[in-house]
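Heads up: the structure comes next, in structure tokens.
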Amino acid sequence: MATWLKNGAQASVIKSAAREVRDTVEKTLADIEERGDVAVRELSIRFDNLDREDYRLTSAEIDACMAQLTKRDISDIEFAQTQVRNFAQHQRNSLRDLEVETLPGVVLGHKNIPVNAAGCYVPGGKYPLLASAHMSVITAKVAGVPRIITCAPPFHGKPPRRLWPRSTWRAPMRSTAWAGSRRSGPWPWGTKSIAPVDMLVGPGNAFVAEAKRQLFGRVGIDLFAGPTETLVIADESVDGEICATDLLGQAEHGPDSPAILLTTSEKLARETMAEIERLLQILPTAGIARQAWENFGEVILAEDQQEMLAIANDLAFEHVQVMTRDPDFFLNNMRNYGALFLGPRTNVAYGDKTIGTNHTLPTKKAARYTGGLWVGKFIKTCTYQKVMTDEASALIGEYCSRLCALEGFAGHGEQANIRVRRYGRKDVPYAGIAE
């Protein structure tokens, strides 16, 4: 039976914090819906110390951002974007329209149709997360979305510099520097300065995730992507230093980012905790990472590989890094995760920044029912049907009529009956097929 060598925050504390976030977001969204651009401007001044007439970035501002980048910076960004675009294109190619004749004269099919407009939120309050722009904007473009809006919080009270490399917005795209509910809030219903969108995507903090939850239904969303979660599954095939590095490397995302070590080795567990304390003395982002580790970090000691699998599936974490002698065991058997990182040669940072898979992933156990952001999230699979012959319509109609009668739907039944009368038997009464 598993034992916890270190526990994270109590459920009651987490629940209380979630309630406060929910109430704050609800009030903010209601204010934006009622007062539109006026509310957005007031919130921007209050929270971001940013006041301007138009929150769209100008061409001059984008040029100024570009001017800060070296040739190496641009080359590195283009490399990362190429990896994201290539993998997204392979995913798009796997989605094919379908048309099949299921019975003689009965043709069924589906078409994959991109949404008309998507709003992409790019986090950037603590760090200018340019990688998130790649993950959402490029993926939407590969999916074929005609209109893409992006927004990001100001960075140190100014437009989010380094966030809008030109290769990200080759197609027409407007950028809006608006966090959380106050930035994505205007998109579902629109304001005088911005037209509404059909879908909201992108990762963010607890306020961003809550805003998406409350807006779902009015618009579509990709998934609930809240504070970063990292689970490291390891055995004695690796050492404490690499485990500690990978835990703290994600804990620096924010003070509410859970980081958990799950292992069958008490020796590795103790070494990892000691290494974490050592690294926190030298890590430049230790101020944030220490809060996350102390409040939300856990170390779980399992009896064997099967128990680690059961615990991992129950946690259903966003990032699951597997550094064991047989990482494919988890690839073949895990069911609940956002993304897997298999073996010590890879890590979550590769997925976050460079390797090509999407880093917008489900959190808070949403991995039980959804995967991460990909081109398919921007695409509606819409079905159609064609009945090509009289005989086929009469055949389907007789079955449909009898099944409608079982449910008491006389009007539905008559939709079938009229076609049976016209295309097949002429002796069909109004109320249903005669035996």
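Search region 314-343 for residues being in a loop (DSSP other than H, G, I, E, B) and over 21 Å from the mean Cα position of the chain (by Cα), and hand back the single one that is surrounded by the fewest Cβ atoms within 10 Å (Cβ to Cβ). Working first, answer last.
Step one: of region 314-343, the residues in a loop (DSSP other than H, G, I, E, B) are 316-318, 324-326, 334-338, 343.
From what is left, the residues that are over 21 Å from the mean Cα position of the chain (by Cα) are 324-326, 343.
Working: Thr324: 21, Arg325: 10, Asp326: 12, Gly343: 14.
Among residues in region 314-343 that are in a loop (DSSP other than H, G, I, E, B) and over 21 Å from the mean Cα position of the chain (by Cα), the one surrounded by the fewest Cβ atoms within 10 Å (Cβ to Cβ) is Arg325.
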Out of the residues in region 73-122 that are in a loop (DSSP other than H, G, I, E, B) and touching a helix residue (DSSP H, G or I) at 6+ places or on another chain (Cβ under 7 Å), state the one that is surrounded by the most Cβ atoms within 10 Å (Cβ to Cβ). Val122
List, please: which pairs have Cβ atoms under 6 Å, are six or more places apart or on different chains, and start with a residue in region 300-317 that is more than 13 Å from Asn336 (Cβ to Cβ) and end with one that is open to solvent by 20 Å² or more (accessible area, probe 1.4 Å) and among the charged types (D, E, K, R)? Leu301/Glu266
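Quick one: which residue in Leu43, Leu69, Leu50 is closer than 26 Å to Gly226 by Cβ and over 27 Å from the mean Cα position of the chain (by Cα)? Show your work before the answer.
Numbers: Leu43 fails: over 27 Å from the mean Cα position of the chain (by Cα); Leu69 fails: closer than 26 Å to Gly226 by Cβ.
That would be Leu50, the only listed residue that is closer than 26 Å to Gly226 by Cβ and over 27 Å from the mean Cα position of the chain (by Cα).
If you take the residues in region 399-410 that are over 25 Å from His110 (Cβ atoms) and in contact with a helix residue (DSSP H, G or I) (Cβ under 6 Å, 6 or more places away or on another chain), which one is least open to solvent (accessible area, probe 1.4 Å)? Break it down stepwise before answering.
Filtering region 399-410 for residues over 25 Å from His110 (Cβ atoms) gives 401-402, 405-410.
Filter again for in contact with a helix residue (DSSP H, G or I) (Cβ under 6 Å, 6 or more places away or on another chain), leaving 401, 405.
Working: Ser401: 4, Ala405: 66 Å².
The selected residue is Ser401.
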List the residue pairs whose Cβ atoms are under 7 Å apart, where the first residue sits in region 409-435 and is among the aromatic types (Phe, Trp, Tyr) and outside any helix (DSSP H, G or I), the second is at pLDDT 95 or above and surrounded by fewer than 14 Cβ atoms within 10 Å (Cβ to Cβ), and the two are 6 or more positions apart or on different chains. none
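Condition first: assigned to a helix (DSSP H, G or I), open to solvent by less than 40 Å² (accessible area, probe 1.4 Å) and over 21 Å from Lys212 (Cα atoms). Now tell me which residues in region 33-63 satisfy that. Working first, answer last.
Here is the first cut: in region 33-63, the ones assigned to a helix (DSSP H, G or I) are 33-35, 37-48, 59-63.
Applying the additional criterion that residues be open to solvent by less than 40 Å² (accessible area, probe 1.4 Å) yields 39-40, 43-44, 48, 62.
Selection gives Ile62 alone.
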Only one of (1) more than 22 Å from Phe296 (Cα to Cα); (2) at pLDDT below 85; (3) in contact with a helix residue (DSSP H, G or I) (Cβ under 9 Å, 6 or more places away or on another chain) fails for Arg35. Which number is that? (2)
Ala274 - would you say it is of a type outside the set (D, E, K, R) and over 16 Å from Leu231 (Cβ atoms)? yes
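Whether any residue in region 344-352 is charged (D, E, K, R), outside any loop (DSSP other than H, G, I, E, B) and within 29 Å of Ile74 (Cα to Cα) is what I want to check. Let's see the steps before the verdict.
Filtering region 344-352 for residues charged (D, E, K, R) gives 345, 352.
Narrowing further to those that are outside any loop (DSSP other than H, G, I, E, B): 352.
Among the residues that remain, those that are also within 29 Å of Ile74 (Cα to Cα) are: 352.
Checked region 344-352: at least one residue is charged (D, E, K, R), outside any loop (DSSP other than H, G, I, E, B) and within 29 Å of Ile74 (Cα to Cα).
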Looking only at region 14-32, which residues are at pLDDT below 85 and surrounded by 12 or more Cβ atoms within 10 Å (Cβ to Cβ)? Ile14, Ala17, Ala18
Output yes when any residue across region 228-243 is closer than 17 Å to Ala289 by Cα, over 26 Å from the mean Cα position of the chain (by Cα), open to solvent by 10 Å² or more (accessible area, probe 1.4 Å) and at pLDDT 95 or above, and no when none is. yes
What number of residues within region 222-268 satisfy the criterion of being in contact with a Pro (Cβ under 7 Å, 6 or more places away or on another chain) and small (Gly, Ala, Ser)? 3
Scanning region 351-394 for residues that are closer than 27 Å to Val107 by Cβ and among the acidic types (Asp, Glu), the one most open to solvent (accessible area, probe 1.4 Å) turns out to be Glu391
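Considering region 364-394 alone, what residues qualify as being of a type in the set (D, E, K, R) and either under 23 Å from Arg92 (Cβ atoms) or under 28 Å from the mean Cα position of the chain (by Cα) (or both)? Even if it seems obvious, please write down each step before you answer.
Keep residues of region 364-394 that are of a type in the set (D, E, K, R), which gives 364-365, 368, 377, 380, 386, 390-391.
Correct list: Lys364, Lys365, Arg368, Lys377, Lys380.
The values are calculated or read from the model by the stated rules, or taken from the named source; none is laboratory data. Please read all numbers here as calculations on a predicted model, not as lab measurements. Note that we place each Cβ from the backbone using ideal geometry, even for glycine, and neighbour counts take in every protein chain shown. Just the protein is used for accessible areas: all its heavy atoms, side chains included, with ligands, DNA and RNA removed. Shrake-Rupley method; radii C 1.70, N 1.55, O 1.52, S 1.80 Å.
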